[in-house]
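Nothing in this text is a laboratory measurement; each read-out follows from the coordinates by a stated rule. Being a predicted model, the structure only gives us computed values, none of them experimental. Ideal geometry is used to build each Cβ from the backbone, glycine not excepted, and the neighbour counts take in all protein chains shown.
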Amino acid sequence: MSLIQVRKRQLLVETVFHEGGPPPAVPLRMAAALAVVRNPYAGRHEPDLLPFMAELRTLGRELAEELVQVLGRDRVQAYGKAAIVGVNGELEQGAVWHEAGGWAMRAVLGDPKAIVPAAKAVASAGYRLMVPLHHTQAAYVRSHFNTMEVGVQDGPRPDEIVFGLVMADGGRIHSRLGGLTADEIRVNDGQR
């Protein structure tokens, strides 16, 4: 029997047309794909979380592919991931998403170089989490430091986990704080 039992999924799309200044030539689109999953270890300590992490790769790939369908694979410039663990679980049970969700996004996007930033929490149903995003190829591209708020109104229930992936097709609207720009990425080390 699979460790992954999905109760529901959610897709959120946010389009930013302007931030008080002149409208950009192309609006920024950010999207989040979320899944509410039964926590197979709720209420107890499980010393071996690796089987759960391995099975989550399939869910991660499905969520990543859904985001690519919405934004377009070649348009994705920023990403992040999140987990909200219900109150009968522990933070480490959400941390399984670091590898599973990050691997999935890398596989679907063609192996980008930058680490996938993450946020996680143990919380009640309806909790909202700010997911950090940064550029897919170089973490130091300042224009792409952004966040997207995610959450599910009726999840996670105490024995559930909400897993989420976020992608964006650009950086912040009207970014003007200097630093490394996307067209200056050269080293391909995931940082610069």
Can you check what the Kirkwood hydrodynamic radius comes to for the chain, Cα pairs only, in Å to one decimal? 16.9
Amide H of His135 versus every other amide H placed in the peptide plane: which residues, excluding those fewer than 5 positions away on the same chain, fall under 5 Å? Val141, His144
Using the Kirkwood radius built from alpha carbon pairs, what does the Stokes-Einstein equation give as D for the range 57-110 at 4 °C and 1.567 mPa s, in µm² per second? 109
With a 10 Å cut-off between alpha carbons and a GNM built on the chain, which of Glu55, Glu65, Glu19 moves the most? Glu19
Quote the charge dipole size of the range 44-144 about the Cα centre in Debye, to the nearest 20; the model charges only the Cβ of Lys and Arg (+1) and of Asp and Glu (-1). 440
In whole Hz, the Karplus estimates of ³J(HN,Hα) for the range 143-149 (6.51, -1.76, 1.60; θ = phi - 60°; x where Gly or Pro) are 5, 9, 5, 8, 9, 9, 7
Return the long-range amide H neighbours of Lys8 (sequence gap of 5 or more, or a different chain), with a cut-off of under 5 Å between placed amide H atoms. Val36
With unit charges on the beta carbon (Lys/Arg positive, Asp/Glu negative), name the residue among Val131, Ala83, Met30 whose Cα is farthest towards the positive pole of the charge dipole of the range 27-145. Met30
What does the helix-only formula give at 222 nm for the chain: each DSSP H stretch with n ≥ 4 adding -39500 (n - 2.57), the total divided by the residues, and the result rounded to the nearest 500 deg cm²/dmol? -6500 deg cm²/dmol
Give the distance, in whole Å, between the Cα centre of the range 86-103 and the Cα centre of the range 156-192. 20
Computed lengthening from Arg75 to Asp48, 0.36 nm per intervening residue step minus Cα-Cα distance: 6.0 nm
Could you list the square roots of 5 times each eigenvalue of the Cα gyration tensor of the range 119-192, that is, the equivalent ellipsoid semi-axes, sorted largest first and rounded to whole Å? 31, 13, 8
Would you mind listing how long the range 1-52 runs along its three principal axes, going by Cα atoms, in whole Å with the largest first? 53, 20, 18
With contacts defined as alpha carbon pairs under 8 Å and 6 or more residues apart, what's the relative contact order of the chain in percent? 28
Relative contact order for the range 7-121 using alpha-carbon pairs under 8 Å, separation at least 6, rounded to a whole percent? 26
Using DSSP, restrict attention to beta bridges with both residues in the range 72-192 and report what percent are antiparallel, rounded to the nearest 5. 70
In Hz, Karplus ³J(HN,Hα) per residue of the range 65-72 (6.51, -1.76, 1.60; θ = phi - 60°; x = Gly, Pro): 5, 4, 5, 5, 5, 6, 9, x
Taking the convex hull of the alpha-carbon atoms of the range 48-150 and averaging its shadow over every direction gives an area in square nanometres of 6.6
So who's got an amide H within less than 5 Å of the one on Gly155, skipping anything under 5 residues away but keeping other chains? H placed 1.01 Å off N, in plane. Gly126
Per-residue ³J(HN,Hα) for the range 165-176, Karplus 6.51 cos²θ - 1.76 cosθ + 1.60, θ = phi - 60°, Hz, x for Gly and Pro: 10, 10, 9, 9, 9, x, x, 4, 5, 6, 4, 7
